[in-house]
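Sharing a structure below in structure tokens format, with a few things to ask.
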Amino acid sequence: MTDEFEFFEPGAQWRALLFGPVFCTVGIVSEIFLGGPVHWVGWLVAAALLTAVVGWQVYAGRTHLRVELTPHYLRQGEETLALEEIAELLPPEGTDRWGAGDWQMARALGELHGVPRRRTGVGLRLQSGSIVQAWARDHHTLRAALQRLLVAS
């Protein structure tokens, strides 16, 4: 069963793997133009090591920071929440008359300890009565897509 994404953030981009080889190519070209010896082996080892480390980071980002919203589920990292389990989309930060909502202290969805860096939380009340935080870089679009799907269901 393939679902069409209403909202999607991959978490990290594979194009980041190019940073190491591009950096090392710049180093090789600068050594050539400066007229000194070119350290081919050193640059190739550095490119391989940088690519391996960045590849590990990209894999982790795509595993733990991925956000998928379909008409059937919301996936945050490796945690999947059926849309039927969501009772209510809570108001954005600072818009309710009592100030910040309780949802900002609620558990973040996914396997991380909190809302990941450079992401913003979106409060959700579940059918069980518990409150959780969904999160995304583009939290406004996630909130709008969640609102649209919850109203439709």
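Restricting to the range 47-78, name every residue that is in a loop (DSSP other than H, G, I, E, B), in contact with a helix residue (DSSP H, G or I) (Cβ under 9 Å, 6 or more places away or on another chain) and not hydroxyl-bearing (Ser, Thr, Tyr).
Here is the first cut: in the range 47-78, the residues in a loop (DSSP other than H, G, I, E, B) are 65-66, 70-72, 77-78.
Adding the requirement that they be in contact with a helix residue (DSSP H, G or I) (Cβ under 9 Å, 6 or more places away or on another chain) leaves 70-72, 77-78.
Result: 71, 72, 77, 78.
Please identify the pairs in which a residue from the range 92-107 that is in the same structural domain as residue 123 (by TED's automatic domain parsing) and among the acidic types (Asp, Glu) has its Cβ atom under 9 Å from the Cβ atom of a residue that is modelled with pLDDT of 65 or more and outside any loop (DSSP other than H, G, I, E, B), counting only partners at least 6 apart or on another chain.
Close Cβ pairs satisfying both conditions: 93/103; 93/104; 93/120; 93/121; 93/123; 102/123; 102/131.
Output the residues belonging to the range 29-46 that are free of Cβ contacts under 8 Å to residues at least 24 places away in the same chain and either of a type in the set (S, T, N, Q) or part of a helix (DSSP H, G or I) (or both). Break it down stepwise before answering.
First pass over the range 29-46, keeping only residues free of Cβ contacts under 8 Å to residues at least 24 places away in the same chain: 29-45.
29, 30, 31, 32, 33, 34, 40, 41, 42, 43, 44, 45, listed by residue number.
Additional query: Restricting attention to the range 110-153, report how many residues are surrounded by fewer than 18 Cβ atoms within 10 Å (Cβ to Cβ), among the charged types (D, E, K, R) and part of a loop (DSSP other than H, G, I, E, B).
Residues meeting the conditions: 5.
Another one. For the range 72-87, give me each residue that is in contact (Cβ under 8 Å) with a residue 24 or more places away in the chain and exposed (fewer than 13 other Cβ atoms within 10 Å of the Cβ).
The initial filter retains those residues of the range 72-87 that are in contact (Cβ under 8 Å) with a residue 24 or more places away in the chain, namely 72-74, 76-79, 81, 83-87.
Listed by number, the residues that qualify are 78, 84.
The values are calculated or read from the model by the stated rules, or taken from the named source; none is laboratory data. Owing to the predicted nature of the structure, the values given are computational and were not obtained by experimental measurement. Glycine gets a Cβ as well: all are built from the backbone with ideal geometry, and neighbour counts include every protein chain shown.
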